[in-house]
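Chemist: Here you go, one structure.
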Amino acid sequence: MTSEPKFHIIRWVIFALVALAIIIPVIVSEKIKLPDTSSRVVKNIYDKIESLPAGSPIILSIDFDPSSDEELRPMTMAILRHVFRKKLRVIGMTIWSPQSSGLMGDIFTTAAKMENKQDGLDYVIMPFKPGGSSVILNLSQDIFFTYPKDYKDKSTKELPVLKGIRTLKDMKYAMCISAGNAVDVWIVYGKEKGKMPLGAGCTAVMATDYYPYLQSGQLVGLMGGIGAAAQYESLIGEKGIATERMKPQTVVHSLIIILIVVGNIVYFTRRRKG
């Protein structure tokens, strides 16, 4: 009879500790410093973009919707700011959903303002087209046939950013940031047809699914969730929203580990006494 009330109290103590572990880091965020480290799979993407000469055309496929925006927007912003700083030409597109187009336009516009880049000259955003794999296959034949006009209804043939580009084989790199199976589609149809290096970004729970593609060399690198976005922000020297979100997350994870250790110590101690 006495164990149930004690358990009830302990449960609420744990809830209170978790709440404090989230609230306090947010309040004293500036005093919390995370280590400037990055995993090899994240740095591979950074190194690949760094190796590209100015003016190289790349594709950034934004394949997520508002439900995954909070997790995937930070890494998209970090990647986009990096390629803008490297003066690469960026083709933004999506094979996911019409909702992705709105997110893509907002992300590109925000990053372009930060890095002083111009639509049509430094980047272009393509409108959504249904079909998924068929869209990528069409790109491997003719970009202008696939996208005769951009999202502002301008003729793509007249855009300086697309000068000298005709098919996927002209691309020097492609990056797919996805909350679904778009990465798989890009590996099968884009990577194989375009023969171009391919990187991927995804939600944290999906990251382990793509490690076999890293081992086979079909992916240059991989970013999974907010943690990878924070690592990339550190690499480009622009710590932003991902880094800030990692601070309470790191504290909470540390607390959970401590509680697990304490719980096991209490359990085995009582078991010996019993």
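Chemist: Here is a list of conditions, (1) surrounded by 12 or more Cβ atoms within 10 Å (Cβ to Cβ); (2) within 30 Å of Asp69 (Cα to Cα), and Gly237 meets all of them except one; can you say which number that is?
Modeler: Only one criterion is unmet by Gly237, namely (1).
Chemist: Could you tell me which numbered condition Thr269 fails, if it satisfies all but one of (1) among the polar types (S, T, N, Q); (2) in a helix (DSSP H, G or I); (3) in contact with a helix residue (DSSP H, G or I) (Cβ under 8 Å, 6 or more places away or on another chain)?
Modeler: Evaluating Thr269 over (1) among the polar types (S, T, N, Q); (2) in a helix (DSSP H, G or I); (3) in contact with a helix residue (DSSP H, G or I) (Cβ under 8 Å, 6 or more places away or on another chain) leaves (3) as the failure.
Chemist: Something else: Anything in the range 90-104 that is within 21 Å of Gly120 (Cβ to Cβ) and either touching a residue at least 12 places away in the same chain (Cβ under 8 Å) or among the hydrophobic types (A, V, I, L, M, F, W, C) (or both)? List them, or say none.
Modeler: Hits for the range 90-104 are Val90, Ile91, Gly92, Met93, Thr94, Ser100, Ser101, Leu103, Met104.
Chemist: Working only within the range 58-85, note down all residues that are in contact with an Asp or Glu (Cβ under 7 Å, 6 or more places away or on another chain) and surrounded by fewer than 21 Cβ atoms within 10 Å (Cβ to Cβ).
Modeler: Matches in the range 58-85: Phe84, Arg85.
Chemist: Still on this structure, please answer the following. Can you name the residue in the range 131-174 that is open to solvent by 70 Å² or more (accessible area, probe 1.4 Å) and acidic (Asp, Glu) and is also nearest to Lys86 (Cα to Cα) among such residues?
Modeler: Glu158
Chemist: Would you point out the residue of the range 184-210, among those that are open to solvent by 80 Å² or more (accessible area, probe 1.4 Å) and free of Cβ contacts under 8 Å to residues at least 24 places away in the same chain, that is farthest from Gln141 (Cα to Cα)?
Modeler: Ranking the candidates gives Val205 first.
Chemist: Of all residues in the range 44-77, count the ones that are within 13 Å of the chain's Cα centre (by Cα) and among the charged types (D, E, K, R).
Modeler: First, the residues of the range 44-77 that are within 13 Å of the chain's Cα centre (by Cα): 45-46, 60-65, 68-77.
Applying the additional criterion that residues be among the charged types (D, E, K, R) yields 63, 65, 69-71, 73.
Residues flagged as within 13 Å of the chain's Cα centre (by Cα) and among the charged types (D, E, K, R) within the range 44-77 amount to 6.
Chemist: A further question follows. Taking into account only those residues within the range 163-187 that are closer than 22 Å to Met206 by Cα and assigned to a loop (DSSP other than H, G, I, E, B), which is nearest to the chain's Cα centre (by Cα)?
Modeler: Ala179
The values are calculated or read from the model by the stated rules, or taken from the named source; none is laboratory data. Model, not experiment: these values are computed from the prediction. Every residue, glycine as well, gets a Cβ built from its backbone with ideal geometry; the counts of neighbours run over all protein chains shown. With ligands, DNA and RNA removed, areas are computed over all heavy atoms of the protein, side chains included. Shrake-Rupley method; radii C 1.70, N 1.55, O 1.52, S 1.80 Å.
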